[in-house]
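Comments concern the structure below.
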Amino acid sequence: MTAASNLPVLAIDIGGSKIAIAEVSGGSVANRRQAPTPRTGRGDDLIAAIAELAPDGGFGAVAVATTGIVRDGALTALNPQTLPIEDGYPLASAIERAFGTPPLVVNDAQAAAWAEFTLGAGKGVRNFAFFTVSTGIGCGLVVDGRLESGATGLAGHVGHTRSGPGGILCGCGRHGCLETVASGTALARLGSERLGRKVAAPDVFSAATGGNSVATKIIASAVDALVNGFADLTASVDVDCFAIGGGVGLAPGFIEALRVRSLDLPRIFQRPIVAAQAGADAGLLGAAMLARLRR
């Protein structure tokens, strides 16, 4: 065992709204810090913000979980509205220059799926899907006990599968993606259009709780789209269990609504739908665990 293997992993989670950094040892997170994500469209500004948050040293590996598509250490935003950055930004080499250590770089939903599979809701199953339903919709897949990323890093981007033919244009360039009808951004857009005032996703849930039928229908449409997305994924890779996280996914009553709606599916498509258990730092944990496996 090397000395470096006893040191914590410096884990970095890059999202569209915030960057989080922590030291991860085993399954515990320490010295966590966060800051807003620079939205200049320049990857170098992102690296500068990460370096400013990070400790001076004393870590055995560096792991990065990021929104977007990761291919050979380069980052491309599938939806630039989530994270504006140059296509194919050389994230791994930029992080290595900043910290002097070659990092593991993985998509954030994929990293969180690995944490859930290893420590949380996916323990004991072979084919597992983690969905984060938040500003956007992310998904990580574990098939036959192996995290799937795909040759180009696209595996698991179920938020960009088609839900509403002829629907609105998604940031990925397609029309009618699941993300355009069931994400927090979609709920806010639809709520603002149909309630006649500018609202955020939590306001839609509050209105539905208060008995507003328009808000109730908006949420029901999101639930319906997600459940059909689950069924499509089950038909593709025979998922054993779905774990749901994110601000929308964990909103009161949302998972129960998904479960109830899933009972309308033919029995062969019905699967357990449970709350994610690894917590808000699942991306940090999963990336760190993957970095440990790589060594």
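The values are calculated or read from the model by the stated rules, or taken from the named source; none is laboratory data. None of these values were measured; they are calculated from a predicted model. Here the Cβ positions follow ideal geometry from the backbone for every residue, glycine too, while neighbour counts run over all protein chains shown.
Some points to look at:
- Number of the exception - D144 against (1) touching a residue at least 12 places away in the same chain (Cβ under 8 Å); (2) within 27 Å of P252 (Cβ to Cβ); (3) among the charged types (D, E, K, R): (2)
- Considering R271, R259, R197, R267, the condition of being in contact with a Cys (Cβ under 9 Å, 6 or more places away or on another chain) and either over 21 Å from D108 (Cα atoms) or assigned by TED's automatic domain parsing to the domain that holds I19 (or both) is satisfied by R271 alone.
- Within the stretch 56-75, the only residue that satisfies the criterion of being modelled with pLDDT under 95 and hydroxyl-bearing (S, T, Y) is T67.
- Counting the residues of the stretch 95-118 that are crowded, with 23+ Cβ neighbours inside 10 Å and in contact (Cβ under 8 Å) with a residue 40 or more places away in the chain gives 15.
- Of everything listed in (1) surrounded by fewer than 21 Cβ atoms within 10 Å (Cβ to Cβ); (2) closer than 17 Å to T132 by Cβ; (3) touching a His at 6+ places or on another chain (Cβ under 9 Å), the single unmet condition for S149 is (3).
- You will find that of T234, T216, the residue that is modelled with pLDDT of 95 or more, surrounded by 13 or more Cβ atoms within 10 Å (Cβ to Cβ) and over 30 Å from G27 (Cβ atoms) is T216 and no other.
- Scanning the stretch 255-295 for residues that are within 30 Å of V64 (Cβ to Cβ), assigned to a helix (DSSP H, G or I) and of a type in the set (V, I, T) yields a count of 1.
- Qualifying positions in the stretch 50-91 - assigned to a helix (DSSP H, G or I) and surrounded by 19 or more Cβ atoms within 10 Å (Cβ to Cβ): I50, L91
- Scan of the stretch 149-204 for residues that are under 19 Å from G229 (Cα atoms), outside any loop (DSSP other than H, G, I, E, B) and touching a residue at least 40 places away in the same chain (Cβ under 8 Å), ordered by number: V158, H160, E179, V181, A182, G184, T185, L187
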